[in-house]
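Each value in this text was obtained by applying a stated rule to the coordinates, not by laboratory testing. Only a predicted model underlies this, so the values are computations on that prediction, with no experimental measurement involved. Please note: Cβ atoms are built from the backbone with ideal geometry, for glycine as well, and neighbour counts cover all protein chains shown.
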Amino acid sequence: MKLQLKNIKDGIVNSYNQVFFSDNKWFGLLLIIASFVNVNAGISGLCAVFFSLLIATVLGFNPTYIKSGSYTFNVLLVGFTMGVYFCYSPAFFVILFFASALTFLISVWLSSYTAKYSLPVLSLPYMLSIWILFLGIKTFTIIKLNQNGTDTFNTLWGTVNLSFEGLHKEFDSWMITPLIVSYFKAMGAIFFQNNILPGIFITIGLLLYSRIAFSLSVIGFVCGYLFYHFFQGNVSSADFHIVAINYILSAIAIGGFFLIPSISSYLLVVACTPVISFIINALGKFLEPYNIPLYSLPFTCFVLLLLSALKNRYFVNYLYLVRYQLYSPEKNLYAFDAHLERFSKDTYIHIHLPFYGEWIISQGHEGKITHKDDFRFAWDFVVADEHKKTFRLPGEDVKDFYCYGLPVLAPASGTVVTLQDGIDDNSIGDVNTNENWGNTIVIKHSNYLFSKISHIKKDSFNVKIGDYVKKGDVLALCGSSGRSPEPHIHFQLQETKEIGAKTLKYPLSYYVTKDTDGYRLHSFDYPLENQTIFRAPPTPLIQLAFHFIPGMKLNFNVTKGDEKYLVNWEVFTDAGNNSYIYCHRTKAVAYFTNNETLFYFNSFIGDKNSLLYYFYLGAHKILLSYFQNMKIEDNLPVEIFNNSVIKTIQDFVAPFFIFLKATFHANYSFADTEQSPEMIKINSEVSLGKTNRKINFELELKDNKLSKFVIKEKDQCIVVENI
């Protein structure tokens, strides 16, 4: 019961939030206050939401949808409408209850339909419900329009058909104050308030919630205003705010909520102003004979039309749709920007090196010997000692070469589609040009992605055609068959299964290179000739320490100066099968990925003073393999910056330019043994760009878990111990 009441409480606040595409608790509370400037509307709206949430709870609907307010924000609008235009009476609240139930059911029905096409329902349930209500209530004389409803029904709800003279004179005299007043009235009218005071409250809340949403609301309003001036629209300055609702909501929706905010999305807002105007006028004329409201129908129709069209594009190079909604234009943009920096070269199929251990690239892409023309995107790999010699003395037999007989591994999961065997190894220095590729295997990873490994040792295959192999399975042994003067592995990607098909330029997912400065991790890159290269095998200690599975619980003793307390985390997965760590103390959430090569965090939601937030920073990207003095680098989303003047400035200009940068650096500083360590220390640092803020971390891995975690910033030190 306690949980259900909490869900209803959250659902009430979020029902108000959803109107402005938000989930910010404080913004929602401010919207509730603003709605009570008109007491009748405030009471009626709140009652309607409560009725519908109660119905949803009793009928057993999904608690997630109850909390989010996604089924009930349309009910809120119906409640506002009835409170503004109908007289209070016992019969009124009876009708309000059933109108709320009807709107809720229509919301569920329409949401289930639009969800099939990955589209939002917007205010369609509200419009349909209010039409049914206005057309059906006329036969019941017990419920009556109040004086406000009688006087303003046609102005506020019907088609706007008034003189343009006031707007024209106002613009020509550049009277900015009336324009600002009209903007505030438009913001208030979204919540059915015919007063600038609630509009001011809502604007302040919108500005605090999202600088991008605020700027878009202004742009949408001004563009609509200017369009009506230049094309002499049929509306007066006194009532333009009624029409402007559609421009404001459309601008926020397409400029920063459903699309990633950018120069393109802002230009789209401006360019779509005439289209929205045409829809307003056309729908107004269509509905006029029925005397039913227009209100936000043009906004809903336009946004659904645009999103439906954008989802059917063949390719996307601007106007990116938001894939994972964070309910904030800034968060959506910063998460997208961080993802683009981290994974812009990511591939659907991850191709790994076909071996373990330390190898050297003897011939890379565009090689001078054989990697030319159609075969230029290939690699040859050998093993060498510290003197760069590929063989033991005397080096006259294939068995003298370090790579000969070493395991050849599957670079990714797939099906063996081609296999050639039975070709003898060459004598050192000799080549077999008649059977150029030697013993070869081709694996199909997808319809147009195949990997080919050649020069394999005769009769060493562990697989046959038709076998399904997993990444890392041993396929065969390195040999020296075909055009191979000494033992090596030839590796390439191609689009077809034939031996001898032309090569395909395709990056390797993760690999490590070694140079004079130590080890470096590469992600989705192309290794170069003469580089020393490794396929990073998971180190059991690191792998187990960061193996967070659903249901796992982690308990920590935290010492912060003289203060000591206990923190409990738990691992969950959401409906999209995304894993996250949840902090019971602060309710914070950190989403993460473990792809068996890397552990990394994707996003953080919640208290930025929590231990989980510091862990999100300090363990932002961890390679699950140990290399002494390995250096890992990454970028963090701008959203990690705490609210400040500089962050506020960044929010305003973010769609055009992101100047704040946050970087992550990690160094594998210590292991008790290099081969099979039982204790590892990883030092990391987060630097918050122009704020000059730096946070240092030390992660100690022991007993197959994160045993200790130390956070240092300036004079503050927090010690965290796993219990």
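Here are several values of percent of Cα pairs over 50 Å apart: (1) 32; (2) 50; (3) 23. Which one was derived from the coordinates shown? Entry (1). In loop segments of region 596-690 as defined by DSSP, the trypsin sites (Lys or Arg not before Pro) with at most 14 further C-beta atoms inside 10 Å of their C-beta are Lys661. Computed extension gain for Ser644 through Lys497, at 0.36 nm per residue and net of the alpha carbon distance, reaches 47.2 nm. If a/c stays under 1.5 just call it rounded; otherwise compare a/b with b/c (prolate if a/b is bigger, oblate if not). Do that for region 1-104, with a ≥ b ≥ c from the square roots of the Cα gyration tensor eigenvalues. Judged from the Cα gyration tensor, region 1-104 comes out oblate (a/c at least 1.5, b/c at or above a/b). Which of the trypsin sites (Lys or Arg not before Pro) found in region 469-559 are in a DSSP loop and have at most 12 neighbouring Cβ atoms, other than their own, within 10 Å? The qualifying sites are Lys470, Lys505. The gain in end-to-end length when the Ile349 to Glu633 segment is fully stretched comes to 99.9 nm, 0.36 nm per residue minus the alpha carbon separation. Listed by chain and number, the aspartates and glutamates whose C-alpha is less than 20 Å from the C-alpha of Lys285, apart from same-chain residues fewer than 8 away, are Asp239. Site-free segments of the chain were taken between chymotrypsin sites (Phe, Trp or Tyr not before Pro) in DSSP loops having at most 12 other Cβ atoms within 10 Å, sites themselves excluded; the longest one is 449-655. Over the residues of the chain, the helix contribution to mean residue ellipticity at 222 nm works out to -11500 deg cm²/dmol, using -39500 (n - 2.57) for each DSSP H run of at least 4. Model label points for Tyr324 and His522, set 7 angstrom from Cα along the Cα-to-Cβ axis, are 2.7 nm apart. If R0 is taken as 22 Å, the Cβ-Cβ distance between Thr573 and Lys116 corresponds to a FRET efficiency of 0.40. Of all trypsin sites (Lys or Arg not before Pro) in region 386-452, which ones are in loop regions per DSSP and have a Cβ with at most 15 other Cβ atoms within 10 Å? Counting only loop positions with at most 15 other Cβ atoms within 10 Å, the trypsin sites (Lys or Arg not before Pro) in region 386-452 are Lys388, Lys389, Arg392.
Backbone amide hydrogens, once placed in the peptide plane, bring Trp437 within less than 5 Å of Arg483, excluding anything fewer than 5 places away on its chain.
Pairs from the list Lys444/Lys514; Lys311/Lys497; Lys2/Lys553; Lys471/Lys497 with a Cα-Cα gap above 22 Å: Lys444/Lys514; Lys311/Lys497; Lys2/Lys553. For Phe670, the residues whose amide H sits under 5 Å from its own are Lys681, ignoring neighbours fewer than 5 places away on the same chain, with H placed 1.01 Å from N. Using R0 = 51 Å, the C-beta based FRET efficiency linking Gln4 and Asn683 works out to 0.65.
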